[in-house]
Amino acid sequence: MARPGTEELRRRNRAALLEQLHRHGPQTRAELTEALGLNRSTIATIATDLAESGHIQETTGRSTGSAGRPSTLVECVPKAESVAAVEIRADRVRFALFGLGGEVLERAESPLLTGVEGPAAAEAAAALVGGSGAEAVAAVPGLVDAGAVAHSTELGWTGRDVAADLAAATSREWRVVDTATAAAVGEWSRGDAHDATRLLYLHGGRGLTAGLVVEGRAQRGGSIQLGHIVVEPGGLACACGLRGCLEAEMEAFGYAEDIESATAAAGMGDAAARDGLRRSGEDLGRALGAVVTATGPDEILFGGWLRELYLSAAAPVRSALAETTLPHLRSRLRLRTPVLGEEGPLIGAAETGFAALIDRMR
Amino acid sequence: MLLELTGLSKRFGPVEVLSDVDLSIDAGEVCALVGDNGAGKSTLVKCVAGIHAIDGGSISVNDEVRAISGPRDAAALGIEVVYQDLALCDNLDVVENLFLGREKVRGLVLDDDAMEQLAAETLSSLAVRTIRNLRQPVASLSGGQRQTVAIAKAVLWNSRLVILDEPTAALGVAQTRQVLELIRRLADQGLAVLYISHNLNDVFAVADRIAALYLGRMAAVLDAADATQSQVVELITSGRSGTLGLGADTNGART
Ligand SMILES: Nc1ncnc2c1ncn2[C@@H]1O[C@H](COP(=O)(O)OP(=O)(O)OP(=O)(O)O)[C@@H](O)[C@H]1O
Ligand SMILES: [Mg+2]
Ligand SMILES: [Zn+2]
């Protein structure tokens, strides 16, 4: 293998330092030296480079140690690079412009009419985003592959090339990820899930989708149609045309509208509500058993209204999971709820853009 | 092992309330303790907390056998107990409650601002967003917020083992969720948690292991990943389930 040239090495080190600051926030030079495993003079050189290009700045920051002597911190300049992130939902488009380091620079949203088509949704996104950001990333709830939405219960779209719709509306390139995958990236990079190697995020919206990210990165094929796993052959008719799909059996649409009253009623002892939650939990656990067997995650996050469902029906969910997975798959599996809440998909979409942007610098 | 109970026995007069109980809890894990009313759960907690003297067996903390003869001993070992009827002072605010009774013990001198900042940092490390005003008297907090303050106290004082005896019993659904997430986060930050509840959904939501007490005996200790609700219900109500439990081949306890 040929050794990389000096210029190439320097580029890689610049990207590594920027990534370190973007991901972990302001640090001293000593901390950077330690984290990147480079020597002090290399750090000094690339820090000077990056300061000249306007990517980083040095500030007198927090005091360290008992002496309380303030130390110089290196930090990203948020406006130096930015990523436009958009989340398309059934009833609205949300937009945020994220600066380097993860700060939100701008934020806006606009309503969508029910049953909106791809091009109209793209126009709404275009009006919010304009030309902002070096990268533009959209999170769309559904089965997403290579920029296209194969199926979305939430939006009622099938076979929609969303990346093309967005490109046409904005005259720029877009990355498209599914909402669950975006949220997984967000929770891994800015939430509590950074210990997960294979992180599975379940998104409860009007439909049910899942996203698998490996080491915090979106994967081709990682977008999973959780809601259309058949849990009851010949069961209730699903909008997708099949019968007995998880989202039909759970009546996901009802939970998306109002899970609170169902869990509150069950909490107060309403027998029908308890029974409904128990059955939903069992169905979810069984479908999850199949997904876990197929994908082998080490952590699952219950997002959207699945958070409430999991916390109120964890016994049937985990019982069904125990009965449908092999011991070595379930023994190291952590089941958790997300910490970023509604912001997860936007944050993750932005992080997907930053990952691409930093990769390009290498 | 952070906490290890070996052959623990406790009697009240002639009645043996805990008999030969083995249980161990590691740092980073939530161990749920379940059992019918009167099974001995709270008694077990009070033995570990130093409120009851034990009649047999031993309690080890970090692999060292310890005599815990009072709540002070327990606190010195990093054991914090959160009871359902919390020991918070209604007339004091959140910050004051977090620091109550600890100033002298550690010889700490902190000014008000420093205490407030430390309190805010602790709450935010636990992703607690429900308490906006740290200067509000605890009397004005909801039940869930009060539990949150009590639990945060354990984190603030660098406890290593937090024991919660039915912390959600008096809470509504939304507040229970927040406390459950908090319990899970405590363990994920490296604390050991012993969590007592009668609600199996709450137990399954957070537990890594489930220990079932039956009439003062440890019927079984299961990995939550392997357990089913019906197994746990059987262990609670009859002390056994299939090949598990009292009088069966194994009780699953770690050796
Ligand atoms: N101080 C005491 N003196 C005498 N008996 C006691 C004392 N404390 C508890 N007991 C008895 O010990 C047994 C176990 O009680 P304990 O409170 O530990 O049960 P528990 O499992 O916590 O039940 P619950 O789920 O109802 O809280 C009961 O029979 C109880 O009456
Ligand atoms: Mg009790
Ligand atoms: Zn379907």
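At a glance:
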{"quantity": "Identity of the residue in the stretch B:185-196, of a type outside the set (Asp, Glu) and more than 16 Å from ligand 1 (Cβ to nearest atom), that ends up nearest to the other protein chains (Cβ to nearest Cβ)", "calculated": "B:Arg185"}
{"quantity": "Flag for A:Ala356 being in a helix (DSSP H, G or I) and either more than 30 Å from A:Asn13 (Cβ to Cβ) or touching a helix residue (DSSP H, G or I) at 6+ places or on another chain (Cβ under 9 Å) (or both)", "calculated": "no"}
{"quantity": "Matching option when the condition is in a strand (DSSP E or B), in contact (Cβ under 8 Å) with a residue 40 or more places away in the chain and among the charged types (D, E, K, R), among A:Arg206, A:Arg220", "calculated": "A:Arg220"}
{"quantity": "Scope the stretch B:9-22; condition in contact (Cβ under 8 Å) with a residue 24 or more places away in the chain and more than 16 Å from ligand 2 (Cβ to nearest atom); matching residues", "calculated": "B:Ser9, B:Arg11, B:Glu16, B:Ser19, B:Asp20, B:Asp22"}
{"quantity": "Residue count for the stretch B:171-189, restricted to those that are touching a helix residue (DSSP H, G or I) at 6+ places or on another chain (Cβ under 8 Å), among the basic types (Lys, Arg) and in contact (Cβ under 8 Å) with a residue 24 or more places away in the chain", "calculated": "1"}
{"quantity": "B:Leu3 being in the same structural domain as B:Gln231 (by the TED database) and within 16 Å of ligand 2 (Cβ to nearest atom)", "calculated": "no"}
{"quantity": "Strands (runs of 3 or more DSSP E) wholly inside the stretch B:24-68 containing at least 1 residues that are near ligand 2 (Cβ under 10 Å from one of its atoms) and crowded, with 20+ Cβ neighbours inside 10 Å", "calculated": "B:30-34"}
{"quantity": "Within the stretch A:118-146, tally of residues that are in a loop (DSSP other than H, G, I, E, B) and touching a Leu at 6+ places or on another chain (Cβ under 9 Å)", "calculated": "5"}
{"quantity": "Test: residue in the stretch A:293-309 that is under 23 Å from A:Arg206 (Cβ atoms), surrounded by fewer than 24 Cβ atoms within 10 Å (Cβ to Cβ) and small (Gly, Ala, Ser)", "calculated": "no"}
{"quantity": "Candidate set from the stretch A:328-340 (those that are surrounded by 17 or more Cβ atoms within 10 Å (Cβ to Cβ) and in a helix (DSSP H, G or I)); member that is farthest from the other protein chains (Cβ to nearest Cβ)", "calculated": "A:Leu329"}
{"quantity": "The stretch B:197-243: number of residues that are aliphatic (A, V, I, L, M), part of a loop (DSSP other than H, G, I, E, B) and either in contact (Cβ under 8 Å) with a residue 40 or more places away in the chain or away from every other protein chain (no Cβ under 14 Å) (or both)", "calculated": "3"}
{"quantity": "Check on B:Val94, assigned by the TED database to the domain that holds B:Val138, under 20 Å from B:Asn158 (Cβ atoms) and touching a residue at least 40 places away in the same chain (Cβ under 8 Å)", "calculated": "yes"}
{"quantity": "Some residue of the stretch A:228-240 being more than 16 Å from ligand 2 (Cβ to nearest atom), within 17 Å of A:Val144 (Cα to Cα) and in a helix (DSSP H, G or I)", "calculated": "yes"}
{"quantity": "Residues of the stretch A:91-115 classified as assigned to a loop (DSSP other than H, G, I, E, B), touching a residue at least 24 places away in the same chain (Cβ under 8 Å) and surrounded by fewer than 20 Cβ atoms within 10 Å (Cβ to Cβ), total", "calculated": "5"}
{"quantity": "The lone exception for B:Asp188 - which of (1) closer than 22 Å to B:Asp63 by Cα; (2) buried (at least 24 other Cβ atoms within 10 Å of the Cβ) it fails", "calculated": "(2)"}
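One line per residue, one yes/no per condition, for (1) within 13 Å of chain A (Cβ to nearest Cβ); (2) outside any helix (DSSP H, G or I); (3) within 16 Å of ligand 1 (Cβ to nearest atom); (4) crowded, with 21+ Cβ neighbours inside 10 Å:
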{"residue": "B:Arg132", "(1), (2), (3), (4)": "no, yes, no, no"}
{"residue": "B:Ala154", "(1), (2), (3), (4)": "no, no, no, yes"}
{"residue": "B:Val162", "(1), (2), (3), (4)": "no, yes, no, yes"}
{"residue": "B:Ala169", "(1), (2), (3), (4)": "yes, yes, yes, no"}
{"residue": "B:Val179", "(1), (2), (3), (4)": "yes, no, no, yes"}
{"residue": "B:Leu182", "(1), (2), (3), (4)": "yes, no, no, yes"}
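The values are calculated or read from the model by the stated rules, or taken from the named source; none is laboratory data. Just so you know, these numbers come straight off a predicted model, no measurement behind them. Glycine gets a Cβ as well: all are built from the backbone with ideal geometry, and neighbour counts include every protein chain shown.
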